[in-house]
Amino acid sequence: MSPRRHGRARHEPISPSLQSPERALATIERLLHQPRTAEVLCLLLDQAYRVCAVLVFDGEQTADDVVDAAEAVTHLTHDLAVQSAVLASSRPGHPFTLNDLDRWRHIDALFDGAAIELIDWFVMDEHTAVAVCAAAGGVARWPGPDG
């Protein structure tokens, strides 16, 4: 997996505020490769929940690559003013599984240790997107009324 950086300077947000999972998914859909390929995408958000940077990790080989991506994100953002993040794993042919619940707990702890709120992680195949925080029985972390 290799990271690719999208977006402009971190002080110039590249999206409206992501107040709901629907807004986040719309942003993610615009950024993912089409046709869908295996990749992990991380939206880094400022204090107003606007995307200030996007990290894309191409060539995801296994479902556990999201853990490696989360570790990289927490190291890369050490000195940035990142408040929160949203992850998405594009896994064509490999939909959400119950093992993703354990991955959620692991990556959530990684982000928590870096003082970054992981708002959600979407596992996506060609047809569906599962919000793993809700699937794990977690409390909604979205800032808006739809959260």
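Give the residues of the stretch 60-76 that are small (G, A, S) and either within 20 Å of E29 (Cβ to Cβ) or open to solvent by less than 20 Å² (accessible area, probe 1.4 Å) (or both), sorted by residue number.
Within the stretch 60-76, A69, A70 meet the criteria.
Answer with yes or no whether L43 is in a helix (DSSP H, G or I), surrounded by 14 or more Cβ atoms within 10 Å (Cβ to Cβ) and within 13 Å of the chain's Cα centre (by Cα).
So L43 does not fit the description; no.
Need the failing condition index for P145 against (1) over 17 Å from D46 (Cβ atoms); (2) at pLDDT 90 or above, just the number.
(2)
Considering only the stretch 119-130, I want to know if a residue exists there that is open to solvent by 10 Å² or more (accessible area, probe 1.4 Å), assigned to a loop (DSSP other than H, G, I, E, B) and over 15 Å from E29 (Cα atoms).
Filtering the stretch 119-130 for residues open to solvent by 10 Å² or more (accessible area, probe 1.4 Å) gives 125-130.
Now narrow it down to the ones that are assigned to a loop (DSSP other than H, G, I, E, B): 125-128.
Adding the requirement that they be over 15 Å from E29 (Cα atoms) leaves none.
No: the stretch 119-130 contains no residue that is open to solvent by 10 Å² or more (accessible area, probe 1.4 Å), assigned to a loop (DSSP other than H, G, I, E, B) and over 15 Å from E29 (Cα atoms).
Looking at R141, R91 in this structure, which one is farther than 17 Å from A63 by Cβ and out of contact with any Phe, Trp or Tyr (no Cβ under 9 Å at 6 or more places or on another chain)?
One residue alone meets the criteria, R141.
Look at the stretch 34-81 and say how many of its residues are more than 19 Å from W104 (Cα to Cα), of a type in the set (S, T, N, Q) and out of contact with any Pro (no Cβ under 8 Å at 6 or more places or on another chain).
Qualifying residue count for the region: 3.
Test of understanding: among D102, D108, D79, which residue is in a loop (DSSP other than H, G, I, E, B) and either open to solvent by less than 40 Å² (accessible area, probe 1.4 Å) or out of contact with any Cys (no Cβ under 8 Å at 6 or more places or on another chain) (or both)?
After ruling out the rest, the residue left standing is D79.
Mind checking which residues of the stretch 73-122 are touching a Lys or Arg at 6+ places or on another chain (Cβ under 7 Å) and free of Cβ contacts under 8 Å to residues at least 40 places away in the same chain? Walk me through how you get there before you give the answer.
In the first step, residues of the stretch 73-122 are kept if they are touching a Lys or Arg at 6+ places or on another chain (Cβ under 7 Å); the result is 80, 90, 92, 117, 119-120.
Of everything in the stretch 73-122, just one residue is touching a Lys or Arg at 6+ places or on another chain (Cβ under 7 Å) and free of Cβ contacts under 8 Å to residues at least 40 places away in the same chain, namely E117.
Within the set of pairs 6+ apart or on separate chains, which have a first residue in the stretch 7-29 that is small (G, A, S), a second that is in a loop (DSSP other than H, G, I, E, B) and modelled with pLDDT of 60 or more, and C-beta atoms under 7 Å apart?
Pairs that qualify, where the first residue is small (G, A, S) and the partner is in a loop (DSSP other than H, G, I, E, B) and modelled with pLDDT of 60 or more, are S15/R50; S17/A48; S17/Y49; S17/R50; S20/W142; S20/G144; A24/L18.
So which residues in the stretch 93-142 are among the aromatic types (F, W, Y) and either at pLDDT below 95 or within 11 Å of P21 (Cα to Cα) (or both), if there are any at all?
Taking the stretch 93-142 and keeping what is among the aromatic types (F, W, Y), we get 96, 104, 111, 121-122, 142.
Within the stretch 93-142, W121, F122, W142 meet the criteria.
Could you please let me know if R91 is basic (K, R) and either open to solvent by 20 Å² or more (accessible area, probe 1.4 Å) or within 27 Å of G144 (Cα to Cα) (or both)?
No.
The values are calculated or read from the model by the stated rules, or taken from the named source; none is laboratory data. Since the model is a prediction, treat every value here as computed from it, not as a measurement. Every residue, glycine among them, receives a Cβ derived from its backbone with ideal geometry; neighbour counts consider all protein chains shown. With ligands, DNA and RNA removed, areas are computed over all heavy atoms of the protein, side chains included. Shrake-Rupley method; radii C 1.70, N 1.55, O 1.52, S 1.80 Å.
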